[in-house]
Amino acid sequence: MIRILYIEDNEDDFLILRSVMEKIPDSAYSITNVNSIPKALDYLLKEKTDLVFLDLGLPGSSGKEAYGKLVDKFPNVPVIIMSGNEDKNVAYELITLGAEDFFIKGNLHPDLLDRGVTYSLKRHELKNLLKEEVAQRKKTEEALRTARDELEIRVQERTLELKRSNEELEQFAYVASHDLQEPIRKIVGFSQIFASKFEGQIDTKSKEHLNYVIDGAKRMQALIQDLLLYSRIGQNELILEVLDLNGVVKEAVGNLELIIKETNAEIICHPLPSLSAHKSFIVQIFQNLISNSIKYRSDKAPRVEIAAQQKENQWEFTIQDNGIGIEFQYANKLFVIFQRLHPKGRYPGTGIGLAVCKRMVEMHKGKIWIEPHTGAGAVFKFTLPAPG
């Protein structure tokens with residue numbers, strides 16, 4: 001049963017409407033009449049109502065004013081306007097303000113009324129659903145904005161915290177490493193003096209133990225020096241200049257001239273681009289990667305090939321060698337400071353070279369990785385931003 005309230009001060013008009021609606025086949029309408037807006041508001045407050053017919057000619061208020069009071073108190077009840085010919089313009093205006101439909105009192109027909117009521121109820125239902133969806137969307141958007149703002153604040157706080165922590169850690173590493181240099185130098189120096197002074201006076205076992213002390217101290221000295229180098233990377237200002245990377249690689253190869261000659265290594269460098277970067281860092285990156293390829297050589301003479309390819313807004317550099325290669329399952333360990341994949345003493349170094357490369361590349365907003373491939377050797381790749 002659809003419950004309708006007709007706000008009409010003329011009882012004859014009410015009776016006419018009710019008699020017309022009673023002619024609707026299978027009529028499922030229940031109509032109640034009140035003759036003023038105050039009574040209507042009181043009725044709607046107490047009784048469940050599905051639809052309101054509103055007469056525009058109520059005494060004491062204009063049709064627009066009556067409609068405003070009604071929808072202000074009960075916005076979820078659909079309203080159909082009932083007007084005379086003289087009120088058609090007001091009825092049209094109320095349609096634009098949200099009324100569902102309007103009928104001319106002297107031109108009522110059962111089919112038209114039935115269709116008008118059905119469509120009005122459907123339209124109002126859809127409007128309410130749309131309002132709920134819009135309200136929910138606004139609520140969701142507001143929640144997302146709040147969450148995003150809170151996350152941004154947390155990220156900023158965390159970034160500042162990490163920056164401060166990294167700066168403190170770098171300063172600690174620098175100070176600790178610097179302060180450790182002197183006692184290590186003394187251990188090495190006095191151990192060597194002791195070994196020299198008492199040469200021939202100590203037994204073989206004691207000499208072997210003394211050599212362990214000297215070797216351990218030297219390795220500690222190398223670790224401290226590398227830690228100092230690593231800590232200084234973050235302290236150095238990243239000064240960018242346009243570099244011809246062909247010249248950069250030539251300088252890196254020149255720094256490795258002795259080991260290249262000793263191992264009969266072949267360094268092949270394809271044409272490289274020019275881009276903005278920190279010169280000493282880029283020289284160090286190429287030098288470390290070339291040195292790494294030579295260090296982990298196979299029984300063949302080392303062959304290192306360097307190439308570059310532009311991909312969108314960055315240059316991708318490839319350093320490929322014919323050495324002993326690296327099992328890809330250990331790829332994530334390669335760039336960790338002091339991480340070594342081989343027993344100590346088998347290969348020289350402290351295991352910091354690739355960690356240094358990673359840090360320097362990331363300071364340039366690039367990335368570095370080892371590329372899985374078939375065949376012998378290893379393939380390292382890193383990226384740097386392209387100019388412009």
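The values are calculated or read from the model by the stated rules, or taken from the named source; none is laboratory data. Because the structure is predicted, anything quoted here is derived from the model rather than measured. Positions of Cβ are generated from backbone atoms using ideal geometry, with glycine treated the same way; all protein chains shown enter the neighbour counts. Quick note on the areas: whole protein, heavy atoms, side chains included, nothing else; ligands and nucleic acids left out. Shrake-Rupley method; radii C 1.70, N 1.55, O 1.52, S 1.80 Å.
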The equivalent-ellipsoid semi-axes of region 1-49, taken as the square roots of five times the Cα gyration tensor eigenvalues and listed largest first in whole Å, are 20, 15, 4
In terms of the charge dipole of the chain, which places +1 on Lys and Arg and -1 on Asp and Glu at the beta carbon, the residue among S298, S30, L17 farthest towards the positive end is S298
Carbon plus sulfur, as percent of the 1.4 Å-probe accessible area of region 1-40, comes to 47 percent
Inter-part gap, Cα centre of region 134-168 to Cα centre of region 296-319, in whole angstrom, is 40 Å
Descending accessible area (1.4 Å probe), largest on the left, turns Y296, Y92 into Y92, Y296
Placing each pseudo-label 7 Å from Cα in the direction of the beta carbon, Q156 and D179 end up separated by a distance in nanometres of 3.6 nm
Bounding extents of the chain in its principal axis frame from Cα atoms, largest first in Å, are 135, 45, 40
Most fluctuating of E161, E312, E86 in the GNM of the chain (C-alpha, under 10 Å) is E86
FRET efficiency for E257 and D203 from the Cβ-Cβ distance with R0 = 51 Å, rounded to 0.05, comes out at 0.75
When all Cα-Cα pair distances of region 61-211 are considered, the percent exceeding 21 Å is 73 percent
Two pseudo-spin positions, 7 Å from Cα along C-beta at Y212 and at N128, lie apart in nanometres by 8.8 nm
Counting only protein heavy atoms and leaving out ligands, DNA and RNA, the solvent-accessible surface of H109 at a 1.4 Å probe, in Å² to the nearest 10, equals 90 Å²
Projected area averaged over all directions for the convex hull of the alpha carbon atoms of region 79-131, nm², comes out at 3.6 nm²
Counting lysine pairs in region 1-155 that sit 8 or more positions apart or on different chains, with Cα atoms under 20 Å apart, gives 23
With L45 itself left out, Lys, Arg at +1 and Asp, Glu at -1 over residues whose Cβ is under 15 Å from its Cβ give +3
Mean accessible area per residue over the chain (1.4 angstrom probe, all protein chains present, square angstrom) is 60 Å²
Given 37 °C, 0.692 mPa s and a Kirkwood radius over Cα pairs, the Stokes-Einstein diffusion coefficient of region 1-116 in µm²/s is 233 µm²/s
